[in-house]
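> Below is one structure. I have some questions about it.
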């Protein structure tokens, strides 16, 4: 992913870089060991919704939604984690390993406010992370789950997605064939939904959320929304009409719905 190398801004507003204990030295960890380490970091985060009533703690999904890499952009291992169920996750965390440095991306998919904390980090996005819109001229959601999944893929397959880096270079993004997550939530009139990724190679840059919502399954309609999973300028186009344009994400911070930053966690409890 295209990165803006900036110091980590702490909540006080200072720009002093945070330093934590370095990675332990030794032999190159195995793929499974790296996954274990990434899971351990994800487990440090306590995620809560805070927009209505008492704060509610969200559970971490047991497995990452995606494991990926991007050798062309010099990182060799990464994972994407989610908090919140049933229904759409409210919070995502991407971790990417660049040599001895890790980059993190916190991504809100919540309709309201939430917090994520892993001392000394605290993320408090002040705006909704996802805004859904009607998918133009979409058919009614099918009655059976298999056909609805096919409809989601058909709708997303009509989109052209691309990103533009800091140098002005344009990169076409491909729709990954399988959803990262499929979900529903009867209490919220969410009859079916899924998170898909538009990727550069296997590296997700743009997330597309497709949901069938309505008071009943018979009256449900298809909605679509997008969230960035990278700092680059992002575009999604349908029939030559732009559905999405997100400018380059420079100097993101802990109050933004998307926050990317380098950080090094020490040993648990330190």
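> Give the number of residues within the stretch 158-181 that are surrounded by fewer than 16 Cβ atoms within 10 Å (Cβ to Cβ) and within 17 Å of residue 223 (Cβ to Cβ).
Within the stretch 158-181, residues that are surrounded by fewer than 16 Cβ atoms within 10 Å (Cβ to Cβ) and within 17 Å of residue 223 (Cβ to Cβ) number 1.
> How many of the residues making up the stretch 159-192 are part of a strand (DSSP E or B) and either under 21 Å from residue 237 (Cα atoms) or modelled with pLDDT under 95 (or both)?
12
> Still on this model: Taking the options 96, 117, name whichever one is in contact (Cβ under 8 Å) with a residue 60 or more places away in the chain and buried (at least 23 other Cβ atoms within 10 Å of the Cβ).
96
> Looking only at residues in the stretch 36-54 that are on the phi < 0 side of the Ramachandran plot and without any contact (Cβ under 8 Å) to a residue 60 or more places away in the chain, which one is surrounded by the most Cβ atoms within 10 Å (Cβ to Cβ)?
Applying the filter and picking the extreme gives 38.
> Which ones in the stretch 141-152 are touching a residue at least 24 places away in the same chain (Cβ under 8 Å) and surrounded by 11 or more Cβ atoms within 10 Å (Cβ to Cβ)?
Residues satisfying the conditions are 141, 145, 148, 149, 151, 152.
> List, please: which pairs have Cβ atoms under 7 Å, are six or more places apart or on different chains, and start with a residue in the stretch 238-250 that is over 14 Å from residue 205 (Cβ atoms) and end with one that is at pLDDT below 95?
From residues that are over 14 Å from residue 205 (Cβ atoms), the pairs are 250/4.
> Here's another thing I want to ask about it. Considering 214, 266, 225, which residue is without any contact (Cβ under 8 Å) to a residue 60 or more places away in the chain and either more than 16 Å from residue 65 (Cα to Cα) or in contact with a helix residue (DSSP H, G or I) (Cβ under 9 Å, 6 or more places away or on another chain) (or both)?
Only one candidate qualifies: 214.
> What number of residues within the stretch 38-54 are at pLDDT 95 or above and over 17 Å from the mean Cα position of the chain (by Cα)?
So the count comes out to 2.
> For the stretch 88-108, name all the residues that are part of a loop (DSSP other than H, G, I, E, B) and closer than 18 Å to residue 63 by Cβ.
Passing the criteria: 88, 89, 90.
> While we're looking at this one, here's another question. Among the listed residues 138, 72, identify the single one that is outside any loop (DSSP other than H, G, I, E, B) and surrounded by fewer than 20 Cβ atoms within 10 Å (Cβ to Cβ).
So the residue among 138, 72 that is outside any loop (DSSP other than H, G, I, E, B) and surrounded by fewer than 20 Cβ atoms within 10 Å (Cβ to Cβ) is 72.
> In this structure, does residue 251 turn out to be under 20 Å from the mean Cα position of the chain (by Cα) and on the phi > 0 side of the Ramachandran plot?
Taking the combined requirement at face value, the residue satisfies it.
The values are calculated or read from the model by the stated rules, or taken from the named source; none is laboratory data. On a predicted model such as this, the values are computed, not experimentally measured, just so you know. Please note: Cβ atoms are built from the backbone with ideal geometry, for glycine as well, and neighbour counts cover all protein chains shown.
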